[in-house]
Amino acid sequence: MTTHRTKMLIIGSGPAGYSAAIYGARAMMAPIMVQGLQPGGQLTITTDVENYPGFRDVIQGPWLMEEMKAQAEHVGTEVVWDTIVDIDLANGSPFRAVGDSGDEYIGDVVVIATGAQAKWLGVPGEMELGGKGVSACATCDGFFFRGKRVAVIGGGNTAVEEALYLTNHASHVTLIHRRDSLRAERILQDRLFAHPKISVLWNRVVESFEGDPAGAGLTHLVLADRATGAREDFATDGAFVAIGHAPATELFKGKLELDASGYIVVEPGTPKTAIPGVFAAGDVMDHTYRQAVTAAGTGCMAALDAERFLSGLSVDLHGHAEAAE
Ligand code: FAD
Ligand code: NAP
């Protein structure tokens, strides 16, 4: 067992973690980053990224994350291949965490950047056709379906927002829901039902995603009608699974305040949790925006706040230095 001691322990290696690492290293906090089971985070499972600022041409998600890693290491971050399985936040700074390897990590501050994962249906074809017509992020991938027919699966706010957003690109959007009423807010439902490009298929469950992963990608869905049991092939160019996200916060249950959906609660407008010296950045504390650039932005904020915490000043980004926390 090895003990790793650092001023700044970062848990998670997505855009939030790397952004915190770059700022933290440049502030001489010599960060240690524990990568977790998905080094590079969610962007490593996508292909084209067209909305991360600074690149005129389309870039690849895995490449972007390799670049972030290289930059973080270049300025002095130590990136460790491990997953945090336990953490003690109750006894204040320094915080002690334990990795799956048995190693111990001790950090004066902790930046939690463990992200969130889209929930998937878990039916045949879904994973194989991921990035080949099947997606869980309309903001990320909607652009690739210009003038095409797409389906959105789900009945909550996310599904309705994704359907409305996709009308900016697609020729037609079909919302497919397993029941006969939506749980989305009324105002969103009104917009959805009034939209000329959107239709709704009720009481349908997706049994499989069909197509050729090595060729044209998704061609159709096999749907089952829950009322009659009848099956049908539903032709579509794209399918967006929008049945919710699961933040990676299992580790923090009972240790930090989580909201009803499991996201870490932070002081509004900041990455500060209720425990001084513990910060949360990226998708793990943001169920609204969930973008690489917003995750990177809050990672930066976490590092700046961490630096201020360590220098014994409370964080006030409006320009006032207050007494120590
Ligand atoms: P994540 O990227 O989710 O990273 C979380 C990290 O935490 C991972 O490295 C994981 O290994 C680590 N981790 C989790 N638990 C532990 C633990 N216990 N110990 C240690 N480490 C742990 N956004 C865009 O802006 N543009 C796009 O084009 C785009 N396309 C996308 C395509 C897909 C298919 C998906 C799924 C998402 C896409 N997104 C896109 C969204 C974007 O990827 C996320 O908003 C962003 O990655 C969130 O960054 P994050 O750092 O908060 O967390
Ligand atoms: P959600 O509210 O949990 O809705 C998930 C939807 O997916 C439900 O309609 C559910 O169906 C359906 N679903 C779940 N599992 C399914 C499965 N296996 N097969 C088929 N359908 C399935 O999730 P969300 O829409 O992502 O919203 C999460 C939270 O974020 C909510 O609190 C929401 O209000 C909030 N949010 C707010 C906004 C906003 O304020 N603008 C935007 C997005 C999200 P059932 O209805 O049958 O259960």
- Where T288 falls short, out of the listed (1) within 27 Å of L37 (Cβ to Cβ); (2) in the same structural domain as L89 (by TED's automatic domain parsing); (3) at pLDDT 95 or above; (4) not acidic (D, E): (3)
- Task: For G41, state whether it is open to solvent by less than 70 Å² (accessible area, probe 1.4 Å) and either more than 16 Å from ligand 2 (Cβ to nearest atom) or without any contact (Cβ under 8 Å) to a residue 40 or more places away in the chain (or both).
- Result: yes
- When only residues in the range 230-265 that are part of a strand (DSSP E or B) and of a type in the set (F, W, Y) count, which is most open to solvent (accessible area, probe 1.4 Å)? F234
- Message: Between R204, R183, R179, which is away from ligand 1 (no atom under 16 Å from the Cβ), in contact with a helix residue (DSSP H, G or I) (Cβ under 9 Å, 6 or more places away or on another chain) and either farther than 27 Å from T288 by Cα or basic (K, R) (or both)?
- Response: R183
- Message: For the structure I just gave you, tell me whether S19 is out of contact with any His (no Cβ under 7 Å at 6 or more places or on another chain), open to solvent by less than 20 Å² (accessible area, probe 1.4 Å) and touching a residue at least 12 places away in the same chain (Cβ under 8 Å).
- Response: yes
- Query: For the range 50-71, which residues satisfy the criterion of being within 20 Å of the chain's Cα centre (by Cα) and either over 27 Å from C137 (Cα atoms) or surrounded by fewer than 19 Cβ atoms within 10 Å (Cβ to Cβ) (or both)?
  - Reply: E50, N51, Y52, P53, I59, Q60, P62, W63, E66, E67
- Task: Starting from the range 270-282, take each residue that is surrounded by fewer than 22 Cβ atoms within 10 Å (Cβ to Cβ) and list its partners that are at pLDDT below 95, counting only C-beta distances under 6 angstrom and pairs at least six apart or across chains.
- Result: P276/E325
- Message: Looking only at the range 83-122, how many residues end up being in a strand (DSSP E or B), among the aliphatic types (A, V, I, L, M) and open to solvent by 40 Å² or more (accessible area, probe 1.4 Å)?
- Response: 2
- Query: So which pairs qualify, if the first residue must be in the range 180-209 and at positive phi, the second must be open to solvent by 50 Å² or more (accessible area, probe 1.4 Å) and within 11 Å of ligand 2 (Cβ to nearest atom), the Cβ gap must be under 6 Å, and the two must be at least 6 apart or on different chains?
  - Reply: N203/D180; N203/R226
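The values are calculated or read from the model by the stated rules, or taken from the named source; none is laboratory data. Since this is a predicted model, take the numbers as computed values, not measurements. Quick reminder, even Gly has a Cβ in these numbers, built from the backbone with ideal geometry, and neighbours come from all protein chains shown. The accessibility values were calculated without ligands, DNA or RNA, using every heavy atom of the protein model including side chains. Shrake-Rupley method; radii C 1.70, N 1.55, O 1.52, S 1.80 Å.
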